[in-house]
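The values are calculated or read from the model by the stated rules, or taken from the named source; none is laboratory data. Computed from a predicted structure; not experimentally measured. Backbone-built Cβ (ideal geometry, glycine too); neighbour counts: all protein chains shown. Areas reflect the complete protein model, heavy atoms only, side chains present, ligands, DNA and RNA absent. Shrake-Rupley method; radii C 1.70, N 1.55, O 1.52, S 1.80 Å.
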Amino acid sequence: MTRISPRQPLIVFAVTASLGPIALGLASLWILNQTPAVPQPTAAPAPASEAPTGPEPRRYLPLSLPVTVSLPEDGGTLSIGLGVALREAGSLELMARLADRQQEAQAELADVMLRAAESLPADTRLAALRSSLPETLQEAMNARLIAMGEEPAILEVLILDWAHAP
C-alpha cells in the first residue's frame with residue numbers, strides 16, 4: 001500500500017483551485033485582444049460667435065430677514081424667508097452695495113406681498129400667493145434695482161420658508 005504524505009492533498013487542492021481563476025484571466029485577456037478598438041469621437045471646437053447654451057450662470061443667496069405681513073380680512077400673519085438667484089457676474093458686489101438698505105428693501109417687499117394678498121379672494125389666498133409671489137417679488141426687486149440705477153440682476157426668487165399663523 002502506498003502511503004500519501006500529509007502535504008500531497010494540500011498541493012493537489014491548491015493546484016486544482018488555482019486553475020479556474022488562471023483560466024478565466026487568460027480567457028479575459030484573449031477576448032480583450034480580439035475586440036476591435038472603438039474610435040473615440042473628437043469634439044469639434046465650438047464657433048466663437050455662438051452663445052453658450054444652457055441656463056445663465058447664477059449665484060444663490062438667502063435674504064437675511066424674513067418678510068412678515070398681516071393678511072387682510074383676519075387672514076392671520078404670513079412670514080416668508082426668501083432667497084434670490086443673481087447673475088453670477090457682479091452678484092457679490094451688488095449684494096455688498098445693497099447691504100445697508102436691507103430694512104428698506106424688506107419694507108418694500110412686505111408692501112408688495114400685502115398688495116398681492118389684497119388682490120386675491122380670501123378662500124384661495126394662501127395657495128395663490130405661494131404660486132404667484134416668486135414672480136411678483138422678482139419683478140418688484142428688479143424694478144427697485146432699476147430705480148436705484150443698477151442693472152436688473154434678479155433671475156429668480158425662491159421661497160425658502162413659509163409660516164402662516166391664523
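The radius of gyration of the Cα set in the range 69-166, together with its Dmax, comes out at 14.2, 43 angstrom. When you count the other C-beta atoms within 10 angstrom of each residue and take the mean per peptide, 17-23, 56-62 line up highest first as 56-62, 17-23.
Compared with the dominant Cα axis of the chain, that is its longest principal axis, helix 125-147 is turned about 80°.
Give me the number: length gained by fully extending LEU29 to GLU104, i.e. 0.36 nm times residue separation minus the C-alpha to C-alpha distance, one decimal in nm.
19.8 nm
Accessible surface area normalised per residue over the chain is 72 Å², counting heavy atoms of protein chains with a 1.4 Å rolling probe.
With a ≥ b ≥ c the root eigenvalues of the C-alpha gyration tensor of the chain, is it rounded (a/c under 1.5), prolate (a/b larger than b/c) or oblate? Don't jump to the answer; show the numbers that get you there.
Values: a/c = 4.25, a/b = 2.45, b/c = 1.74.
Cα axes put the chain in the prolate bin.
Counting only protein heavy atoms and a probe of 1.4 Å, the accessible surface of the chain is 61% carbon and sulfur.
Magnitude of the charge dipole for the chain, about its Cα centre and with charges confined to Cβ atoms of Lys, Arg (+1) and Asp, Glu (-1), is about 1560 debye.
For LEU155, nonlocal amide neighbours, meaning residues 5 or more places apart or on other chains whose placed amide H falls under 5 Å from its own, are ALA85, LEU86, ARG87. As a rough guide to protection, the peptides 25-34, 132-141 ranked by mean Cβ packing within 10 Å, highest first, stand as 132-141, 25-34.
Dividing the helix sum by the residues of the chain, where each DSSP H run of 4 or more adds -39500 (n - 2.57), gives a mean residue ellipticity at 222 nm of -15500 deg cm²/dmol.
Taking every C-alpha pair closer than 8 Å and separated by at least 6 residues, the mean separation divided by the residue count of the chain gives a relative contact order of 25 percent.
On the basis of the beta-carbon distance and an R0 of 35 Å, ALA96 and SER132 show a calculated FRET efficiency of 0.70.
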